[in-house]
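Nothing in this text is a laboratory measurement; each read-out follows from the coordinates by a stated rule. Predicted model only: the values in this text are computed from it and were never measured. Every residue, glycine among them, receives a Cβ derived from its backbone with ideal geometry; neighbour counts consider all protein chains shown.
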Amino acid sequence: MFKIVSRSTALILIVVASSMPLFAQQTGQQMQQQQMRQHQEMQVMMQRMNQMMERTQAMTQDMNRRMEQAQNEQMKNQFQMMHRFGEQMGMTLGNMKNAAERCDLMLQNREMMQNREMRQDMERMQKHLSDMTEQMEEAVRTMERMTTRLREHQQ
């Protein structure tokens, strides 16, 4: 009986030991796939930020042109405020994009991502940046509505 148990135990140990490299390989592949997915998500987020920066820059240029052409002092001041607001939004988006680029680099760093807690914190950071991008998208849409109202008020 003792020999049967020890042979069974030995067999189990052999099976477990032989499956370890396969498990490690699958875990490595899963980690690499997750990193690729996160990188793609960060790239999409940065593209959205670029688009928002372009929209903000166009609005800022339009407000600057209208400010210079305005005959009414009140309208000139309103265009100037929107122009400055647009500049600030553009700088904020630029800072967010820089942070997203840094986050993406950290997510691609294998050594950093091997630590489970670091990986979880970086995933949280990516989620926060994604949420902030959504909020900035709404802010840019609001800013565009405001500039449309100003233009309509001018005419």
For this session: Output the relative contact order of the range 61-113, whole-number percent, from Cα pairs under 8 angstrom with separation of 6+ residues.
Result: 23 percent
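Can you give the FRET efficiency to the nearest 0.05 for Leu105 and Gln57, using r as the Cβ-Cβ distance and R₀ = 30 Å?
Values: r = 25 Å, r/R0 = 0.85.
It comes to 0.75.
Set the Förster radius R0 to 22 Å, insert the Cβ-Cβ distance between Glu68 and Met91 as r into 1/(1 + (r/R0)^6), and round the FRET efficiency to 0.05. Each step should come with its number before you reach the end.
Numbers: r = 22 Å, r/R0 = 0.98.
Here the calculated transfer efficiency is 0.55.
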For this session: Using the Cα centre as the reference, give the magnitude of the dipole from point charges on the C-beta atoms of the range 48-155 (Lys, Arg: +1; Asp, Glu: -1; all else neutral), rounded to the nearest 20 debye.
Result: 120 debye
Exercise. Residues of the range 28-43 with amide nitrogen under 13 Å from the 7 Å Cα-to-Cβ point of Asn115?
Worked result: none
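Quick one: divide the alpha-carbon radius of gyration of the range 48-155 by 2.2 N^0.38 Å and tell me what you get.
Working: Rg = 18.5 Å, N = 108, 2.2 N^0.38 = 13.0 Å.
Ratio of Cα Rg to 2.2 N^0.38 Å: 1.42.
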For this session: Round to the nearest 0.05 the FRET efficiency obtained for Gln30 and Asn50 when R0 = 25 Å and r is the Cβ-Cβ distance.
Result: 0.25
